[in-house]
Amino acid sequence: MKTALITGITGQVGSFLAEFLLGKGYEVHGIVRRASMYNRSRIEHLRADPDIYGSRLFLHYADLQDATPLRRLLCRVEPDEIYHLAGQSHVGLSFQIPESTVHEVAVATLSILEICRDLPKTPRFYHAASSEIFGSPEEFPQTEKTPYRPDNPYGCSKAFATQMVRVYRNAYGLFAVSGIAYNHESNRRGENFVTKKIARSAAELAMGREEPLVLGNLDSERDWGFASEYVEAMWLMLQAEVPRDLVLATGQSCSVRAFAKAAFLAAGIQLRFEGGGEDEIGVDEKTGKVLLRVSRDFYRKVDTVRLVGDPEPAREAIGWSARTIGCEVAKEMVRAELSTLGH
Ligand code: GDP
């Protein structure tokens with residue numbers, strides 16, 4: 001039985017990855033941060049299963065900015081594979097808390113790499129990099145060779161961590177790789193991400209909510225895939241013969257406006273857009289009611305207008321490609337929200 005350690009196990013991706021690895025027969029160790037409020041809802045179903053929790057799934061308190069207990073834990077667990085997913089992951093928020101974002105995302109990755117160098121049994125290391133390292137790219141689609149030009153504190157931190165993974169791979173021979181993942185979503189996504197906000201609101205508005213959905217830039221385009229599919233790519237990257245950074249993407253981009261239209265349609269509402277810029281509204285085709293508005297409050301200081309990744313190298317190297325793409329993601333997320341709301 002292989003042993004895996006996941007940082008960020010209570011997050012969206014960590015919870016899917018834990019399920020996936022347990023399904024493959026792994027012993028899974030997760031690192032959780034102490035907090036006064038319990039924040040484990042995404043893995044509660046695993047914790048509640050006596051056949052899993054305490055026999056194949058173990059949780060440990062540690063803070064990634066506290067290297068000594070982390071080193072002690074890694075020495076004790078002796079993982080075969082480490083999946084490093086933890087860290088503040090919201091781009092907009094990273095403008096408000098840039099220093100803690102850099103500590104959590106950039107410096108913490110370096111600390112784990114330093115520990116890995118010293119472990120008697122060197123684990124394979126996966127780092128969750130992000131398309132945000134490309135910032136406002138000049139080439140489409142982006143590949144592993146596209147220059148990094150991050151334009152927010154989160155992207156800068158991920159760019160640093162991605163470079164460090166490469167440096168440690170080359171300098172110390174570690175099997176350390178970065179998956180440069182594009183946006184991957186699900187109903188487990190944090191509430192301040194646009195896809196979750198849209199899916200939740202579309203479902204609630206279809207069930208009688210009065211207040212319209214308020215969004216920022218509707219013209220932004222992202223390469224949206226489904227989170228539960230991306231965890232397989234992460235695992236495959238650590239099973240490869242040769243360590244290699246890969247872009248993980250669907251290869252298609254979709255605007256926030258198109259995503260919203262598809263989400264409302266999945267909730268049974270035909271949305272018609274009227275006006276433009278900050279005056280743009282989304283109207284229910286049937287009732288004429290305004291269901292969507294735009295507000296400056298949700299615009300970013302600097303926003304990446306369009307990101308789309310090249311899925312070919314990952315398909316060739318590890319045989320992985322995304323199945324649920326763009327508007328299909330919206331449909332799946334609204335279906336899940338409707339069922340949570342008891343529709
Ligand atoms: P990101 O790609 O990691 O920043 O993921 P987000 O889901 O936070 O944002 C995706 C895109 O949606 C960005 O270009 C945002 O500017 C845009 N967007 C438009 N309206 C909103 C909104 O209300 N909330 C968020 N989070 N993003 C929005």
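The values are calculated or read from the model by the stated rules, or taken from the named source; none is laboratory data. Computed from a predicted model, the values in this text were never measured in an experiment. Using ideal geometry, Cβ is built from the backbone for each residue, glycine included, and neighbour counts are taken over all protein chains shown. Just so you know, the surface numbers come from the protein's heavy atoms only, side chains and all, with ligands and any DNA or RNA stripped out. Shrake-Rupley method; radii C 1.70, N 1.55, O 1.52, S 1.80 Å.
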- request: Once you have a ≥ b ≥ c as the square roots of the Cα gyration tensor eigenvalues for segment 272-342, tell me rounded if a/c is under 1.5, and otherwise prolate or oblate according to whether a/b is larger than b/c.
  value: oblate
- request: Give me the accessible area per residue for the chain, probe 1.4 Å, as a whole number in Å².
  value: 44
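Would you mind classifying segment 184-248 by shape? Square roots of the alpha carbon gyration tensor eigenvalues, ordered a ≥ b ≥ c; an a/c under 1.5 is rounded, otherwise it is prolate if a/b is larger than b/c and oblate if not.
It is prolate, given that a/c is not under 1.5 and a/b is the larger ratio.
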query: If one takes the longest principal axis of the Cα atoms in the chain, at what angle in degrees, from 0 to 90 and to the nearest 10, does the Cα axis of helix 108-118 lie?
result: 20
query: Charges only on Cβ, +1 for Lys and Arg, -1 for Asp and Glu: so what's the dipole of segment 273-321 about the Cα centre, in debye to the nearest 20?
result: 180
query: So for the chain, taking the charge dipole from beta-carbon charges (+1 Lys/Arg, -1 Asp/Glu), which of L70, Y126, F160 sits furthest toward the positive end?
result: L70
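What dipole magnitude, in Debye to the nearest 20, does the chain give about its Cα centre under +1 on Lys/Arg Cβ and -1 on Asp/Glu Cβ?
Taking the Cα centre of the chain as origin, the dipole is about 600 debye.
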Hits among lysines - C-alpha to C-alpha of K197 under 30 Å, sequence gap 8 or more where chains match: K158, K261, K286, K289, K301, K331
query: In whole angstrom, and with the biggest value first, how far do the Cα coordinates of segment 102-234 range along each principal axis?
result: 59, 34, 26
- prompt: With a sphere of radius 10 Å drawn around the Cβ of P243, what net charge do the other residues whose Cβ falls strictly inside it have (Lys, Arg +1; Asp, Glu -1)?
  reply: +2
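Within the accessible area of the chain, what % is carbon and sulfur when the probe is 1.4 Å and the other protein chains stay in place?
49
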task: Pop out the ³J(HN,Hα) list for segment 100-106 in order, Karplus 6.51 cos²θ - 1.76 cosθ + 1.60 with θ = phi - 60°, rounded to Hz; leave Gly and Pro as x.
output: 5, 4, 5, 5, 5, 8, 8
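What relative contact order, as a whole-number percentage, does segment 253-343 give when Cα pairs under 8 Å and 6 or more residues apart are counted?
32
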Relative contact order (%) - the chain, alpha-carbon pairs under 8 angstrom, separation at least six: 17
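Relative contact order of segment 1-64, please, whole-number percent, based on alpha carbon pairs below 8 angstrom and at least 6 residues apart.
Relative CO of segment 1-64 lands at 37 percent.
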query: If you take the Cα atoms of segment 117-183, find Rg, then find the Kirkwood Rh from the mean of 1/r over all pairs, what is Rg/Rh?
result: 1.03
message: List the trypsin sites (Lys or Arg not before Pro) within segment 1-85 that DSSP assigns to loop and that have no more than 10 neighbouring Cβ atoms inside 10 Å.
response: R34
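When Lys and Arg each count +1 and Asp and Glu each count -1, what net charge do the other residues less than 11 Å away from A262, Cβ to Cβ, add up to?
+1
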query: What is the dipole size for segment 1-122, taken about its Cα centre, with +1 at each Lys and Arg Cβ and -1 at each Asp and Glu Cβ, in debye to the nearest 20?
result: 160
- prompt: Going by a ≥ b ≥ c, the root eigenvalues of the Cα gyration tensor, does segment 12-113 fall in the rounded group (a/c under 1.5), the prolate group (a/b larger than b/c) or the oblate group?
  reply: prolate
- request: Determine one quarter of the surface area of the Cα convex hull of the chain, which equals its mean projected area, and express it in nm² to one decimal.
  value: 17.4
